[in-house]
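Working notes, structure below.
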Amino acid sequence: MPLKVKSIENRPGVVILSPIGSINAATYNILEAKVDEILKKIPDVIIFDMEFTDYISSTGIRVLLKTKKAMKATNGRVVFMKLQPQIKKVFDILKAIPTLAVFANTQELDQYLDSMQKKVR
């Protein structure tokens, strides 16, 4: 089954990307194309909702880290939520978790976004 990637602009400047399926050598380019499309709009935050991502390979991790680097260049942020246990394990192995924001659910993420924006105002 090919990877599907849904995207919505949750609030102005905040985009949620939801990969559905496996991100591997055969499918990473689908996610990468969607990310590139979103990056052209220079969002403030890209949220990867990983609830329906069941597998990620090194090519998928590369897309995520490339996204983080691009967002950092524009003072944007990348956050993750709803990591499946096997995906979280991959992040743990790569020691990526300390440098990436991960949230359990939308409510926790919204609280973070609200507090982040209050600091700016």
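The values are calculated or read from the model by the stated rules, or taken from the named source; none is laboratory data. In this text, all values refer to a predicted model and were calculated from it rather than measured experimentally. Don't worry about glycine lacking a Cβ; one is built from the backbone with ideal geometry, like all the others, and counts go over all protein chains shown. Side chains included, ligands, DNA and RNA excluded: accessible areas come from the protein's heavy atoms. Shrake-Rupley method; radii C 1.70, N 1.55, O 1.52, S 1.80 Å.
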query: Restricting attention to segment 48-75, which residues are within 15 Å of S7 (Cβ to Cβ) and not aliphatic (A, V, I, L, M)?
result: F48, D49, E51, F52, T53, T67
- request: Specify which of the listed residues (I87, I30) is at pLDDT 90 or above and surrounded by 13 or more Cβ atoms within 10 Å (Cβ to Cβ).
  value: I30
message: Can you find a residue that is open to solvent by 20 Å² or more (accessible area, probe 1.4 Å), more than 17 Å from V90 (Cβ to Cβ) and at pLDDT 95 or above anywhere in segment 45-66?
response: no
- prompt: Can you pull out the residues in segment 27-52 that are in contact with a Ser or Thr (Cβ under 9 Å, 6 or more places away or on another chain), in a loop (DSSP other than H, G, I, E, B) and more than 16 Å from K82 (Cα to Cα)?
  reply: T27, I42, P43, D44
- request: Just give me the residues in segment 67-81 being outside any loop (DSSP other than H, G, I, E, B), more than 24 Å from D54 (Cα to Cα), open to solvent by 10 Å² or more (accessible area, probe 1.4 Å) and of a type outside the set (K, R), in sequence order.
  value: A70, A73
